[in-house]
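Following: one structure in structure tokens, then a few remarks.
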Amino acid sequence: MIDLQGLFRSAWVSLASGASRRIGFSNAREFAPWFYTDLVDCSWKNDHAVDRYLKIITELGCDERPPEFCFAVDKEDRRHIDQLIPPGTQFAVLLPGTNWATKQWPVERLAELVKPLKERFGLECVAAGAAGDAKLTSLIPAKFDLTGKTNLRQIVALLERASLVVGNDTGPMHMAAALGRPLVTPYGPTDPGRTGPYGRDESVVRLNLPCMPCYSRTCSHGSCMRWLEVEAVMRVAADQLEKAGQGSLHDVKIQM
């Protein structure tokens, strides 16, 4: 059994499973290594999460090779997006949601991107996210609001078509990174070297404050995100769009 989480609870589950071989990280937290039969060395500080997990694969005897990100999306998923956004429309997807409030770039700043993205690059804006993000997306004057209108496969189809994606540290942002889309992702309390868009350091925009990264879900001031200006995001967006013809940084398989 493999434990990627590396906490007491997950390690205990691995032991309770009865598996004769239990693989985990040597520096896992909460005494988790006590429950493993095989320890894998890694650096929580310097290794990206994807690279840490690949070390587990190597421990299992699998070949080392560049990761491939596979997405199951078909014609029906793409047709659904085409019904919501006319084919041929050039657009930027804005993703305001996060699972931590501290990781959220102020939605008011995200809303301020709509006008310059249209004026400078000719991009319409699409607000997207889960149904629970509706309060946030309602503050964005996007031409298209797809909040709650896409399932997991359909949001991949949406991101496929995007000329640009601007999003916080969320699942859809990582999908956009894996798809090789032009991307801008604001980072604050977390470390993009550990959990950023894999292999896409050039897409990260962040400040350099003494308290960063703090990995805190609460903050009394939120300076790392509140002080991040629209123009800083626009500069990275311009860079990403300029480089858009260079292709993806990863092998991506779309399963039909």
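The values are calculated or read from the model by the stated rules, or taken from the named source; none is laboratory data. Just so it is clear, the model here is predicted, and its values are computed rather than measured. Neighbour counts run over all protein chains shown; Cβ positions are idealised from the backbone, glycine included.
All of (1) under 21 Å from Cys70 (Cβ atoms); (2) not in a loop (DSSP other than H, G, I, E, B) hold for Thr185 with one exception: (1).
The number of residues in the stretch 1-28 that are outside any helix (DSSP H, G or I) and either more than 19 Å from Val50 (Cβ to Cβ) or not small (Gly, Ala, Ser) (or both) comes to 15.
If you check Ala232, Ala127, Ala157, Ala176 for being more than 21 Å from Val107 (Cα to Cα) and of a type outside the set (D, E, K, R), only one passes: Ala157.
Summed over the stretch 40-75, the residues that are within 27 Å of Pro213 (Cα to Cα) and of a type in the set (D, E, K, R) give a count of 6.
Only one entry in Arg161, Arg194, Arg200 is at pLDDT below 95 and touching a Ser or Thr at 6+ places or on another chain (Cβ under 9 Å), namely Arg200.
Whether any residue in the stretch 86-105 is within 20 Å of Val204 (Cα to Cα) and surrounded by fewer than 16 Cβ atoms within 10 Å (Cβ to Cβ) is what I want to check. Among the residues of the stretch 86-105, at least one is within 20 Å of Val204 (Cα to Cα) and surrounded by fewer than 16 Cβ atoms within 10 Å (Cβ to Cβ), which makes the answer yes. Report yes if Thr137 is farther than 18 Å from Leu241 by Cα and touching a residue at least 12 places away in the same chain (Cβ under 8 Å), otherwise no. Judged against the criteria, Thr137 is a match. Here Arg181 passes the criteria (1) more than 29 Å from Thr218 (Cα to Cα); (2) touching a residue at least 40 places away in the same chain (Cβ under 8 Å) except the one numbered (2). Considering only residues in the stretch 188-201 that are touching a residue at least 40 places away in the same chain (Cβ under 8 Å) and not polar (S, T, N, Q), the one that is surrounded by the fewest Cβ atoms within 10 Å (Cβ to Cβ) turns out to be Gly193. Inside the stretch 29-81, can you point out the residues that are touching a residue at least 60 places away in the same chain (Cβ under 8 Å) and assigned to a strand (DSSP E or B)? Across the stretch 29-81, the qualifying residues are Glu68, Phe69, Cys70, Phe71, Ala72. Among what's in the stretch 221-245 and is small (Gly, Ala, Ser) and part of a helix (DSSP H, G or I), pick the residue that is surrounded by the fewest Cβ atoms within 10 Å (Cβ to Cβ). Among residues in the stretch 221-245 that are small (Gly, Ala, Ser) and part of a helix (DSSP H, G or I), the one surrounded by the fewest Cβ atoms within 10 Å (Cβ to Cβ) is Gly245. So which residues in the stretch 103-130 are in contact with a strand residue (DSSP E or B) (Cβ under 7 Å, 6 or more places away or on another chain) and either touching a residue at least 12 places away in the same chain (Cβ under 8 Å) or more than 12 Å from Gln90 (Cβ to Cβ) (or both)? Once the filter is applied, which keeps residues that are in contact with a strand residue (DSSP E or B) (Cβ under 7 Å, 6 or more places away or on another chain) and either touching a residue at least 12 places away in the same chain (Cβ under 8 Å) or more than 12 Å from Gln90 (Cβ to Cβ) (or both), the stretch 103-130 yields Trp105, Leu110, Leu113, Val114, Leu117, Leu123, Glu124, Cys125, Val126, Ala127, Ala128, Gly129.
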